[in-house]
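Visitor: Could you have a look at this structure, given as structure tokens, before my questions?
Readers should treat all values here as calculations from the given coordinates under stated rules, not as data from a laboratory. Since the structure is predicted, the reported quantities are computational estimates derived from the model, not experimental observations. As a convention, Cβ positions derive from the backbone with ideal geometry for all residues, glycine included, and neighbour counts pool all protein chains shown.
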Amino acid sequence: MNMVLALVLLPIIAAFLVLLVPFGRAQYAVSGAVLALLSGVAFALYNSFGIFTFQLSPIMNIMIVAADVVLLLFFLYQGKVFNHPKVMALAAVQLVLYGYIESIVPAAGTAEIVVDELSKFMFLIINGVGGIIVLYSVKYMEDEPTSPLKKRLFIGALLVFLSVMNLIVVANSILLFFFLFEMTTLASYLLIAFRDDEVSRANALKALWMNQIGGVVILVGALIAIIGFKTVMFDTLLQSSGGMVLFSIALLSMAALVKGASIPFEGWLLGAMVAPTPVSAMLHSATMVKIAPYLILKLSPALAVSMVGGMISIIGALVFVAASYLALSRSVLKEILGYSTVALLGLMMALAAIGSEESINLAMALMLFHALSKALLFLSAGVLERVHHAKNIEEMKGMVSRSPKTVGFILFGFVSLTLPPFGLFMGKLFAISSVASLLKEHPSNLIILLALIVGSALMVLLYFKVASALLSAPCDVEVSPAIVIPNGFNVPLVLLSVFIVIGALGYIMMQHNIFVVMLALPMVFVFALPAIVRRMDRYDRSQPYHCGEKEPFDAALVYYAPSEKIEKIVYWGFGFLFVAVAIIGAVS
Amino acid sequence: MIWVWIALAPILGGLAYGGERVLRARMQRRQGPPILQPFYDMFKLLDKRTLIVHAPHALLALAHFFVLWFSIAAIFLGWNLLYIIFLHLFAQILLILAGYSVRSVYSHLGSNRELLMVVAYEPILILVAVGLYLVSGSFEIAEILTRDHYLLQLPLLFIALVMIVPIKVKKSPFDVGEAHQEIVGGVEIEYSGVFYEFLYMSRFLEYIFIYSFVYLFGGESHWIGAVLVAGVFLLVNLVDNATARVRASHMVKIIYSVAMSLAVLNLLGILL
């Protein structure tokens, strides 16, 4: 229990330290220490056994209620200040609902805090990956054109956010979960608006109102749980049966779809790309959005055999394909990464909602490896943005000659997402055979299988299309000396790459299958090849063939954009499916 | 014994390739080259001065060949079909990266098209694996070859597979990847001498790779398998002589609409 407390309190203490110590060495020392401590504690917890529970004292409960009311009032105020009716309306609805729920909430119940295996696994992702991102953000913020106080507040906010995340994955009370869910919404809102220009503000407000829909459905779900089963605890609710239990569960899973930015809510996550890169990496790819699959995993005992679960997994699978396809029309690197995050979150939710033991394990593995690879990709994208001022993949043509190291990291990220023997690929591979083995009992899984296969193929196209831009260099570019990447950026990237490799090794060993080990051989061979074939300088060099043309060449990138009509159908379709979850929950 | 076959795989593929050139020539009432022509080409290529653009580009061709050979070995050893498909994908990605790594328009266009080809055939290959799994209960080739009656249960899936064979062996109407008249061989263009020889041999291995999938539909009967392979081989060359190349994007559309629907219909038929 002390260790869990440490995970919650340490980041807050560090946040205060960050506000005090000067930039430079001291900041690195603080964030490095936080990373080491947090990931050490998380790892120790992961290897420990048993489930801990913890009851909150009445005073703490009252403080949470007060904080929650203040938070909702703040949202209401923000809606008024920026004249945003949707934000105001949703905040008002939540205030009313929350007030009513607090007036009828049953006094006694099981413990509010439960640390189970799933929470311990989440600690690993949050603290390991999150810690690395904090370390990276120190260097990133040094170069941000803003006041020193704001820089410190930014890093502090990231740290406080880690503490919120550590708490949300142990919340057993739906109301406590709601409070922390709103806290993450607040974090999104504040950090997206950080640069405080028109676009940032608009996107932040968009994130605010969309995420509040999640808040509303959680509250309605909690209300039903209280009226039907006299409980606000996840564990009691999951053990109940009959009545409206599935309706309550369905509403809670809808919150996951919102937080996971499934289409039609993907707008807020893509809008978040205007924020400084550590925000995109931390909140919108590596950690915060993982609440979505986490929540589905938590609910999976109830979802597993129900129509609601079937619906969620179909939505997730369709999102996987649709988001990968939509990404093919984009040209801003962060947006492409954002879409692929949306897609993979859909896949994780689909697997989690199937609810068999195997698919749950796969969803968890995908979460971990996705967090590592996406953090690596986002942070590399941040380096390109900071050091080379390139955001759009059209501007990145030939980046390999200017920044070979960064391009290497990005290519490694792509490879780790698509090829054997890396974790994410393995997850997809096992998912195919796992879903195929379920086909005979549930033919509806064919939709998930198809989505998985086609979506993976589209992702290969997507990633290597970006790779083509990075590698292609127009002839007329003068070979400029490669710009050195500062160590503040280098260290986090190397750490992530090392974790990806270690993760892959661990995952392979866990399978106890000699063939899976053999699957890793070709990758080892490819990396060893330059050492095996050494004397390449005995071959003469030649210029590429241009068919006698002297014109400088510019290789075009491929884009596939759906027509407006199809896009509309897709959005309406997914909107309809989203509502259908609630309807199915209500009738079943 | 099996290791001997694995070691001989490029030679077997070379013979298939040589045989195919003879077959096509006869279809066009030409004399055609001798069946051993691919091997004569090999000696000629090894004798040539090797020019390379840069070292990684040349090494990627080597890597492509050996990873492909590894996946062929996995087929002969009777491994899991899904692993084999993804090992093959890995080999393909190496080739695509090789194409992107040089500043040549044709090489880039070739890589773009290779990528589209992967997107087109990959889902069908996996669906074929799933279909075989549903009938036999296993993804392992060794296991699949002990059962029977695949063709009776998976006729539409077999047609889908036949549709993607021309993509893999680069035959009309789906030979967009090399398309000599348009993009001068695509990815192959910047290779010469010994490194080109490796790419040339990879092509032989591709024959073995894709026709092994055809062979699997014969199940435990070697005869049915052999007849299927011979039949598809003839059919693909006949179609090659009779059709014109389609655009790369049309290829993806045709495969996704026709072949995918056939495969899905067939799977639904088994499941329901």
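Visitor: Assuming R0 = 22 Å, can you tell me the calculated FRET efficiency for the pair B:Lys253 and A:Lys565, based on Cβ-Cβ distance, to the nearest 0.05?
Guide: So, using R0 = 22 Å, E works out to roughly 0.80.
Visitor: Right, next: Cross-link list A:Lys334/B:Lys253; A:Lys139/A:Lys374; A:Lys290/A:Lys565; A:Lys206/A:Lys465; A:Lys391/A:Lys568: which exceed 21 angstrom alpha carbon to alpha carbon?
Guide: Exceeds cut-off: A:Lys334/B:Lys253; A:Lys290/A:Lys565; A:Lys206/A:Lys465; A:Lys391/A:Lys568.
Visitor: For the protein assembly as shown, rounded, prolate or oblate, judged on the Cα gyration tensor with a ≥ b ≥ c (square roots of eigenvalues), a/c < 1.5 rounded, else prolate if a/b > b/c?
Guide: prolate
Visitor: Evaluate the Debye formula for the stretch B:2-271 with equal point scatterers sitting on the alpha carbons, no solvent, and hand back log10 of I(q)/I(0) at q = 0.07 Å⁻¹, in q order, two decimals.
Guide: The Cα Debye sum returns log10 ratios of -0.24.
Visitor: When only Cα pairs under 8 Å and 6 or more residues apart are kept, what is the percent relative contact order across the stretch B:1-111?
Guide: Dividing the mean separation by the residue count of the stretch B:1-111 yields 23 percent.
Visitor: Find the relative contact order for chain B and round it to a whole percent, using C-alpha pairs within less than 8 Å whose residues are 6+ positions apart.
Guide: 27 percent
Visitor: In percent, how large is the relative contact order of chain A, given Cα pairs closer than 8 Å and 6 or more residues apart?
Guide: Over chain A, the number comes to 14 percent.
Visitor: Treat every Asp and Glu Cβ in the protein assembly as shown as -1 and every Lys and Arg Cβ as +1, leave all other atoms uncharged, and give the resulting dipole magnitude about the Cα centre to the nearest 20 debye.
Guide: 880 debye
Visitor: Just rank A:Phe422, A:Phe247, fewest to most, by other beta-carbon atoms within 10 angstrom.
Guide: Going from sparsest to densest Cβ surroundings: A:Phe247, A:Phe422.
Visitor: Moving on to the next point. What percentage of all Cα-Cα pairs in the stretch A:253-378 are separated by more than 16 Å?
Guide: That tail contains 55 percent of the Cα-Cα pairs.
Visitor: How big is the C-alpha Rg of the stretch B:55-203 next to the rule-of-thumb value 2.2 N^0.38 Å, as a ratio?
Guide: Compared with the compact-globule rule of thumb, the stretch B:55-203 sits at 1.13.
Visitor: Which order results if A:Asp68, A:Asp537 are arranged by neighbouring Cβ count within 10 Å, fewest first?
Guide: A:Asp537, A:Asp68
Visitor: Further question: For chain B, modelled as a GNM with alpha-carbon contacts under 10 angstrom, which of B:Gln37, B:Gln28, B:Gln92 fluctuates the most?
Guide: Per the Cα network of chain B with a 10 Å cutoff, B:Gln28 tops the list.
Visitor: Given only helices, namely DSSP H runs of n ≥ 4 each adding -39500 (n - 2.57), what is the per-residue ellipticity at 222 nm of chain A, to the nearest 500 deg cm²/dmol?
Guide: -25000 deg cm²/dmol, from helical runs alone.
Visitor: Pop the C-beta distance of A:Asp143 and B:Ala244 into the FRET formula with R0 = 45 Å and round what comes out to the nearest 0.05.
Guide: The pair A:Asp143/B:Ala244 has a calculated efficiency of 0.20.
Visitor: Mind checking which of A:Ser437, A:Ile62, A:Met3 is farthest towards the positive end of the protein assembly as shown's charge dipole, using Cβ charges of +1 (Lys, Arg) and -1 (Asp, Glu) about the Cα centre?
Guide: Most positive-ward Cα: A:Ser437.
Visitor: Between B:Ser261 and B:Arg29, how high is the FRET efficiency from 1/(1 + (r/R0)^6) when r is the Cβ-Cβ distance and R₀ = 51 Å? Nearest 0.05.
Guide: 0.85
Visitor: Another question, then. Among A:Lys290, A:Lys151, rank each residue by its count of other Cβ atoms within 10 Å, from fewest to most, as a rough exposure measure.
Guide: A:Lys151, A:Lys290
Visitor: Among A:Leu175, A:Leu252, A:Ile12, which residue has its Cα positioned farthest towards the positive end of the charge dipole of the protein assembly as shown, with +1 placed on the Cβ of Lys and Arg, -1 on the Cβ of Asp and Glu, and the dipole taken about the Cα centre?
Guide: Checking the options against the dipole of the protein assembly as shown, the answer is A:Ile12.
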